[in-house]
Every structure is written in structure tokens, then in C-alpha cells.
């Protein structure tokens, strides 16, 4: 690796290298891509479990979010960044609040990220300019930060929380400034029923009718979609992020129609969602659950094989984010985002040979197997030791914030 890129793959001399990482007994992978999360919500981990979604939001999450500050989101982002580095995630897409503070934490941690402010205008004309301004301020902040690893994305929260004007403004802004649009789509059956009642259209049909669908759009969840809606996403060259653990935990009911998305040519990525509804940022867990969920749902053990699932967390995730030329595989010229897994652990043994390694990674590996994490050629963790984050200090800050929230 040189200047953040992969310069050579294979056997070669390391005599002139400044840093040598010992890969003996390790499995080398491209860094994993978490295409939908809410990083600072790590502070809410375990706070509101086993609840109906609307009660979860109204009685627990929204009241606690009212106590958030920039400092809290910074500390929550550091906590989440530590978890990602330890579990092999090198790139993620985030939507939340106080995103300038999140950007500072991500920059310090060394992760690669798409950061977006969650715009919610609740169809109030007075809120629309305020939400636009906050997104524009984040865009300018990230531009001025000038860190290539950190990119801006627009985030109209969802079609049921944002007016048509906001959705169309986001599309225009994204096209003009070459940014992605990060949005929740069809996460629940109720969402679809409400749109049918209000507009006599399903959610994606509504987005298509008002002209908001875009090749820049990354739709999170996409659980309750018909085949025709999948076709509309494909026609617009929009992508989808599957969050199987969160959808199962919140009892969303449906299962994202991945086989139909594949057939239509929709780029599909994987995401954990936030730690309030998962409760981890572990992409190894997400890969395994993804594979098992679809096998069980379709009564077909071949419907989603291990290689395809691993691709969703790597090269296909990169394609969904428009970065397949930069990340997602270990190829000369790509950014040096690489993880090493310790193969000398009981849960990864025996390994029968090259033909079984991918299955071992999806069905047997865990985040605890990640030994080394490298992003842009910088070693962020080696031998399970974080190099860019003071873990003990971060944990202490998180505990202090929880005590503050409880006291309030």
C-alpha cells in the first residue's frame, strides 16, 4: 500500500516498507460496508427493547433524542466508530443529528463515511427552509473539512416525514452537487397502507409520480415493496439497503424482496441500522442473518448463497454507494481498506480449503475474529488494539452521558 491505495497484490519484497503487518494465519478481506446506520444512537443501545415500533419511538426514543447535544452525538459517534473498527467495518452511511460533531469523531477515528443530516419537515412550510439550511450547513462543513474519506449525503428522512417540495429539492441538490440521497423507504406495512389511503399510490409509486426517484437515491429498508415498485427503483437506477436484523427486531413483518431486486438489476447493500434497534453494528452478524432470513422465508437453501451475501457487504455495497471503482475489493489502484481475520480461532476451524472459506466467513466468523483494520492505508487496529481511539475514555464518556440522561 502506498499513499492510501493498493499498489501490489501477491508476493513481493517488504524491505522498503515503512510498516509491515504480519498476515500469517490470517484471512484478508476488503473492509465491510455498512450502508445504513445512525451512529450516535449507540448511546441508546438496550434502552428500549421489545416494544411496538410506535411506542418505541414516541415513549422512549424521541424523548431521549430531545436531550441530545452536539457533545453527546460526538461521544456516541466515537463509541460507534470503535465498534465498527473492532468489527471490520471500514465504510458506513449515516443519518442523524449534530452531524458536524459526528464528522469530527469520524475524522479522528479514521473511518470512511457518508454523513447526512436527517431532514424532517413534517409537511410544515415553516420547517422546510430550516431543514434545508441545516443540510446546506453540513455540506459546507464537510467541504471545508477537506477529508476525502468523509463525504456528504442528503437525507430527507422518509416520504412520510418530508413534503414533496423537500424531496424534490433534495433530488435537485444531489444532482447539482453530485451527492447521494439517503432515505428510509417502505420500512413498515403501515407506511404503505397510509400512502394507499392518502395518495392511492404505494410509496415508490408516489416517489416516481412526483419525480423524486433518482440514481442518487439509496433507500434504506425497502421491506414492503411489490415487484412493480422494484421495477421503478431499477428504472431510476436507485439502490436499496437491506437491514435484516433491525427489521426482524422491530417486527416489520415483511422481508425485503432481494431476489427480485437482483433480477431487476437494483444495486443492494447491507446495513445494521442504529444500535437502538439492532443492537450492534456488527456486519458479520448482519451477513449471517441476511442469509438465514431469506432461506427461511423462501423455503430455499440456495436462494442467497454465502458468496452473494459477502458481496452485499463488500463490492455490491460499494456499487450501491457509487464507489465500486474505489473500494469493495482488493485490487491494485483501489483505496487500501482492508481487514484481517484471525483464522486460528475455534469458530473458524477446521477450514477444509479455499472452496469453503467464503462460507466460513458468512456462517462461522464473528466480529471477534477481526484482528486488524486498515483504512486508506492507515492501520486503525492491529492485534485487536485500537490506535486512533482511546477506548477506555470513550466508554467512560458514554457511561457519564447515560447517567446524565437518566438524571434528566
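Read-outs: derived from the displayed coordinates by stated rules, not from any lab. Everything numeric in this text was worked out from a predicted model, so none of it was measured.
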Review point. Remind me, relative contact order of segment 280-408 in percent, using alpha carbon pairs under 8 angstrom and six or more residues apart?
Key: 21
Check your understanding: Cα extents of segment 4-47 along the three principal axes, largest first, in whole Å?
Key -> 51, 22, 19
Review point. How big is the gap, in Å, between the Cα center of segment 166-237 and the Cα center of segment 40-63?
Key: 25
Revision key, fill the gap. Between the Cα axis of helix 99-109 and the main Cα principal axis of the chain, the angle (0 to 90°, nearest 10) is 10
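What does the C-alpha gyration tensor say about the overall shape of segment 298-348? Classify as rounded when a/c is under 1.5, otherwise prolate if a/b is larger than b/c, or oblate. Show your work: numbers first, answer last.
Working: a/c = 3.49, a/b = 1.19, b/c = 2.92.
Note, shape of segment 298-348 comes out oblate.
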Review point. Against the longest principal axis of the chain, how steep is helix 164-177, in degrees 0 to 90 to the nearest 10, with axes from Cα atoms?
Key: 40
Point to revise | Gyration tensor (alpha-carbon) shape descriptor, segment 317-394, a/c threshold 1.5 | key: oblate
Check your understanding: How big, in percent, is the set of alpha carbon pairs in the chain lying more than 27 Å apart?
Key -> 49
**Study point:** Cα centroid separation, segment 306-328 to segment 90-106 (Å)
**Key:** 21
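Among DSSP beta bridges lying fully in the chain, give the percent that are antiparallel, nearest 5.
Numbers: 16 of 44 bridges.
Close to 35 percent.
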Review point. Rg and Dmax of segment 180-336 over Cα atoms: what are they, in angstrom?
Key: 15.4, 52
Practice item. Once you've got the GNM for the chain with C-alpha springs shorter than 10 Å, pick whichever of 221, 199, 157 has the biggest mean-square fluctuation. Key: 199
Exercise for review: Working from Cα positions, state the angle (0 to 90°, nearest 10) between the long axis of helix 70-87 and the longest principal axis of the chain.
Suggested key: 40
